[in-house]
1. Looking at the range 233-253, is at least one residue of a type outside the set (Gly, Ala, Ser), open to solvent by 40 Å² or more (accessible area, probe 1.4 Å), out of contact with any Ser or Thr (no Cβ under 7 Å at 6 or more places or on another chain) and farther than 30 Å from Asn144 by Cα?
2. Of all residues being polar (S, T, N, Q) and in a loop (DSSP other than H, G, I, E, B) in the range 220-265, which is farthest from Ile289 (Cα to Cα)? Just the residue, please.
3. Do we have Val127 as open to solvent by less than 40 Å² (accessible area, probe 1.4 Å), touching a Pro at 6+ places or on another chain (Cβ under 9 Å) and either part of a strand (DSSP E or B) or β-branched (Val, Ile, Thr) (or both) here?
4. Is it the case that some residue within the range 83-98 is modelled with pLDDT of 90 or more and open to solvent by less than 60 Å² (accessible area, probe 1.4 Å)?
5. Would you confirm, using the coordinates I've provided, whether Pro251 is modelled with pLDDT of 95 or more and not small (Gly, Ala, Ser)?
6. Quick check: anything in the range 55-62 among the hydroxyl-bearing types (Ser, Thr, Tyr) and open to solvent by less than 30 Å² (accessible area, probe 1.4 Å)?
7. Which members of the range 196-219 meet the condition of being more than 15 Å from Ile289 (Cα to Cα) and under 30 Å from the mean Cα position of the chain (by Cα)?
8. Restricting attention to the range 223-270, and to residues there that are out of contact with any Leu (no Cβ under 9 Å at 6 or more places or on another chain) and among the aromatic types (Phe, Trp, Tyr), which single residue is nearest to Ile198 (Cα to Cα)?
Amino acid sequence: MNHKIYIAGIFFVLLATACRKEEVTVFPDYDKNWLVVDDNPNDPTIHSNYLFFKETGIPVFVNDTIGTQARTDVFGHNFTHYEKLSLSYSIGGLQAGAPPLVNSFTYCNKADVPAALAYLKSEILSVLPKGVYVPSILLVGNLNTNGFKYAFKGLNTVVISQIADIPTMNQATKTQYKGAILRAMLTNAMLRPKYADILDKFANATRKFVTVSDAYDLATFYLDSRVTGLPAGVRPSLQAIGFIDAEPTNPYSTPATPSMDANMYLEAILGRTDAEFKQLYGTNPVIMIKYNLIRQILTDLGIPTL
């Protein structure tokens, strides 16, 4: 009898608990899309950025902190979340060495923004293929990285520096500047799987000269002892085996990865005219082989020869 009473008691407790109103935890909009620009007619810079965003679909920021949000942690404590653009990010592929990093930057003068936006529309977006996704642009003053000078590809933004100098740049500097920005914007498009075979040929054009180790992420000290197969009389060097230059993050090493190598070619090609590139490297058969492979990708993307 006592056993039945005990069972009935448990039943009524469970029934009462089940009938209680369920508590619902309400979360704020944690997955909010931050990569948008809201208008502020009272702020000329924000208003011009808003008009640029409406026309191009690309949000432009002048601060890496792009918003705040009230949040509650797992212990019920309220705090303010600051949404920041992710600046440091590999340029694509697995990193065999140190990845490029943004060491520091300075905020730009807002008065320089309208000229920068006009430049981007006329010189950059006019040649950028429609299918290339640019998540956002961060305009800055000075930029200090261990890899690139004028433009840097982050996780969700492209950082563009020296915007105050745009109006006074000479033509040669403007061409280099343009090449750096386009390289940062085109990295992901160039490294698409559809171009894997071309990029394999690109890397193998250099790798064939170093058979005892990988030609990538190799200390330049070893070039004399490990490079084979060069024509008679050609001394082992970075350019002899098809590199434009040393690894940007380490001047004593070959480029760390094929993707870094490809990006260096991308900037070198887009940062000068076709005639200027061939004047510099036209007598180097390995560089010209790799140049033609990257140019093949650019042609498929719809990037014209400068």
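1. yes
2. Result: Thr249.
3. So Val127 passes the test.
4. Kept after step one, since they are modelled with pLDDT of 90 or more, are these residues of the range 83-98: 83-85.
Next cut, open to solvent by less than 60 Å² (accessible area, probe 1.4 Å) only: 83, 85.
Yes, that holds for at least one residue.
5. no
6. Here is the first cut: in the range 55-62, the ones among the hydroxyl-bearing types (Ser, Thr, Tyr) are 56.
Cutting the leftovers down to open to solvent by less than 30 Å² (accessible area, probe 1.4 Å) gives us none.
No, every residue in the range 55-62 fails to be among the hydroxyl-bearing types (Ser, Thr, Tyr) and open to solvent by less than 30 Å² (accessible area, probe 1.4 Å).
7. Residues satisfying the conditions are Ala196, Val210, Ser213, Asp214, Ala215, Tyr216, Asp217, Leu218, Ala219.
8. Among those that are out of contact with any Leu (no Cβ under 9 Å at 6 or more places or on another chain) and among the aromatic types (Phe, Trp, Tyr), it is Phe243.
The values are calculated or read from the model by the stated rules, or taken from the named source; none is laboratory data. Because the structure is predicted, anything quoted here is derived from the model rather than measured. Cβ: placed from backbone, ideal geometry, glycine included. Neighbour counts: every protein chain shown. Note: accessible area is taken over every heavy atom of the protein model, side chains too, but ligands, DNA and RNA are not part of it. Shrake-Rupley method; radii C 1.70, N 1.55, O 1.52, S 1.80 Å.
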